[in-house]
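A.B. asks: So that we are looking at the same thing, I have put the structure below in structure tokens.
The values are calculated or read from the model by the stated rules, or taken from the named source; none is laboratory data. Being a predicted model, the structure only gives us computed values, none of them experimental. Glycine gets a Cβ as well: all are built from the backbone with ideal geometry, and neighbour counts include every protein chain shown. We work out accessible area using only protein heavy atoms, side chains counted, and drop any ligands, DNA or RNA first. Shrake-Rupley method; radii C 1.70, N 1.55, O 1.52, S 1.80 Å.
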Amino acid sequence: MAAVTEREPAAGPGAGTPADAAGPAAGGASGGTAGTATDTGPDGTAGTATGTGPDGTAGTATDTERDGTAEAAAPVAVAAPGGGTVGAGPRAVAERAAVPPTSLSPSRASDFMQCPLLYRFRVIDRLPEKPSEAATRGTLVHAVLERLFDAPAGERTAPRAKALIPGQWDRLRESRPEVTELFAEDPDGERLARWLDEAERLVERWFTLEDPTRLEPAERELFVEAELESGLRLRGIIDRVDVAPTGEVRIVDYKTGKAPRPEYAEGALFQMKFYALVVWRLKRVIPRRLQLVYLGSGDVLTYDPALADLERVERKLHALWEAIGQATETGVWRPRPTKLCGWCDHQAHCPEFGGTPPPYPLPVRVPGPGGV
């Protein structure tokens with residue numbers, strides 16, 4: 001990470017955790033347990049509508065991919081020491097023929113764990129998905145929080161942040177015209193007004209959880225990519241990276257939904273451990289703290305990872321990638337019904353709902369004698 005001065009140390013005990021990161025409304029606790037939390041449906045975080053499956057794995061229903069997946073877009077990046085890249089996020093590319101997956105992101109890994117067929121629809125078939133109000137609001141709030149740090153520290157106030165919302169909404173409509181469909185049948189603008197009011201409330205709540213006047217992020221919306229020794233390429237976009245004067249790193253992710261129940265905290269932390277693994281592989285530095293800021297419920301979930309955590313995540317990702325490779329070769333992508341199916345855009349193509357998947361667009365390996 002670029003060395004950037006921060007007014008408060010970035011990480012946990014022994015590193016001087018910033019007071020703003022664990023304020024009275026946070027309810028967060030080290031070790032991965034959240035305070036008062038509610039398991040709900042779509043949370044619209046980072047352009048995603050997220051729920052939690054029965055195994056505690058976070059599942060996503062993505063409207064706009066923010067994690068830099070090669071399957072969704074071609075990234076623009078620069079080389080980083082130690083292999084991999086750090087730089088700008090993905091940009092739109094023209095539609096292309098189906099190709100086998102070449103990398104893995106937190107969202108796509110969660111898709112496969114949630115439902116292999118959903119992964120196929122998004123990565124292989126690239127079926128279109130309608131924008132949702134929750135997901136689009138999440139994208140808007142993320143943009144506002146990112147842009148707020150352009151202002152001098154003393155000017156990072158709640159009124160200034162709320163004043164950014166109209167302009168960021170205009171920019172979002174310009175970059176993604178499809179989101180205007182959300183309010184096409186709202187001639188009086190009442191639904192849009194309520195929707196924007198909710199975005200304001202989420203932004204205001206952030207100021208009860210963190211104090212931006214005491215933070216100088218090293219990075220915002222950071223695209224990262226690393227290739228493991230096995231050849232597996234990992235990539236994603238980190239909302240915020242804080243670096244303490246002592247060099248300790250904190251990775252922060254904003255969520256516009258509610259925090260998961262404590263028993264599902266591990267699933268919620270999967271994304272953050274994924275990012276920590278990428279940072280470790282790129283920089284040989286283990287982040288001191290992982291922090292999830294839940295604006296929907298006013299909770300902060302923190303976790304201080306150890307090397308063993310990252311090694312376990314790496315083994316899990318290798319196993320996932322092997323399973324994805326096998327499904328890609330055989331064309332067998334099985335659905336996994338969960339409560340999240342109710343929010344899926346692809347029910348018309350899903351056998352669980354009487355649908356038929358589109359013809360498989362990739363070559364299929366025919367098993368030889370003995371099923372090999």
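A.B. asks: Return the only residue of 275, 303 being under 20 Å from residue 109 (Cα atoms) and not basic (Lys, Arg).
C.D. replies: Working: 303 fails: under 20 Å from residue 109 (Cα atoms).
Matching residue, one of 275, 303: 275.
A.B. asks: Can you name the residue in the stretch 243-272 that is under 11 Å from the mean Cα position of the chain (by Cα) and of a type in the set (Phe, Trp, Tyr) and, of all such residues, is surrounded by the most Cβ atoms within 10 Å (Cβ to Cβ)?
C.D. replies: By that ranking, first place goes to 254.
A.B. asks: Can you tell me how many residues in the stretch 353-365 are loosely packed, with under 13 Cβ neighbours inside 10 Å and part of a helix (DSSP H, G or I)?
C.D. replies: Residues in the stretch 353-365 being loosely packed, with under 13 Cβ neighbours inside 10 Å and part of a helix (DSSP H, G or I): 0 in total.
A.B. asks: Can I ask one more? Residues that are open to solvent by less than 50 Å² (accessible area, probe 1.4 Å): find the helices (runs of 4 or more DSSP H) completely inside the stretch 156-221 holding 3 or more of those.
C.D. replies: Numbers: elements: 158-163, 165-175, 190-209.
The qualifying helices (runs of 4 or more DSSP H) are 165-175, 190-209.
A.B. asks: Provide a single number: the residues in the stretch 290-333 that are in a loop (DSSP other than H, G, I, E, B) and over 20 Å from the mean Cα position of the chain (by Cα).
C.D. replies: First, the residues of the stretch 290-333 that are in a loop (DSSP other than H, G, I, E, B): 295-298, 304-306, 331-333.
Next, from what is left, pick out any that are over 20 Å from the mean Cα position of the chain (by Cα): 306, 331-333.
Qualifying residue count for the region: 4.
A.B. asks: Just wondering, is there one or more residues in the stretch 344-352 that are more than 30 Å from residue 227 (Cβ to Cβ) and either of a type in the set (Gly, Ala, Ser) or open to solvent by 80 Å² or more (accessible area, probe 1.4 Å) (or both)? Write out each step before concluding.
C.D. replies: The initial filter retains those residues of the stretch 344-352 that are more than 30 Å from residue 227 (Cβ to Cβ), namely 344-352.
Subset that is either of a type in the set (Gly, Ala, Ser) or open to solvent by 80 Å² or more (accessible area, probe 1.4 Å) (or both): 348, 352.
Scanning the stretch 344-352 turns up at least one residue that is more than 30 Å from residue 227 (Cβ to Cβ) and either of a type in the set (Gly, Ala, Ser) or open to solvent by 80 Å² or more (accessible area, probe 1.4 Å) (or both).
A.B. asks: What pairs come out if I take residues in the stretch 139-166 that are on the phi < 0 side of the Ramachandran plot and pair them with residues that are among the basic types (Lys, Arg) and part of a helix (DSSP H, G or I) whose C-beta lies under 6 Å away, six or more apart or interchain?
C.D. replies: 164/147
A.B. asks: Here's something else I'd like to know. Return the pairs, sorted by first residue and then second, in which the second residue is at pLDDT below 95, the first residue lies in the stretch 197-225 and is basic (Lys, Arg), the beta carbons are less than 6 Å apart, and the residues are 6+ apart or on different chains.
C.D. replies: 214/7; 214/8; 214/20
A.B. asks: Of everything in the stretch 258-275, what is touching a helix residue (DSSP H, G or I) at 6+ places or on another chain (Cβ under 6 Å) and assigned to a helix (DSSP H, G or I)? Give them in sequence order. Lay out the reasoning, then the answer.
C.D. replies: First, the residues of the stretch 258-275 that are touching a helix residue (DSSP H, G or I) at 6+ places or on another chain (Cβ under 6 Å): 260, 271, 273-274.
Selection gives 271, 273, 274.
A.B. asks: Sort out which residues of the stretch 112-155 are acidic (Asp, Glu) and either surrounded by 15 or more Cβ atoms within 10 Å (Cβ to Cβ) or not in a helix (DSSP H, G or I) (or both), and write them in order of number. Write out each step before concluding.
C.D. replies: The initial filter retains those residues of the stretch 112-155 that are acidic (Asp, Glu), namely 125, 129, 133, 146, 150, 155.
Once the filter is applied, which keeps residues that are acidic (Asp, Glu) and either surrounded by 15 or more Cβ atoms within 10 Å (Cβ to Cβ) or not in a helix (DSSP H, G or I) (or both), the stretch 112-155 yields 125, 129, 133, 146, 150.
A.B. asks: Right, here's the next one. Is it the case that residue 332 is of a type in the set (A, V, I, L, M, F, W, C), without any contact (Cβ under 8 Å) to a residue 12 or more places away in the chain and open to solvent by 20 Å² or more (accessible area, probe 1.4 Å)? Explain how you work it out, then say what you get.
C.D. replies: Working: of a type in the set (A, V, I, L, M, F, W, C): yes; without any contact (Cβ under 8 Å) to a residue 12 or more places away in the chain: yes; open to solvent by 20 Å² or more (accessible area, probe 1.4 Å): yes.
Yes, satisfied.
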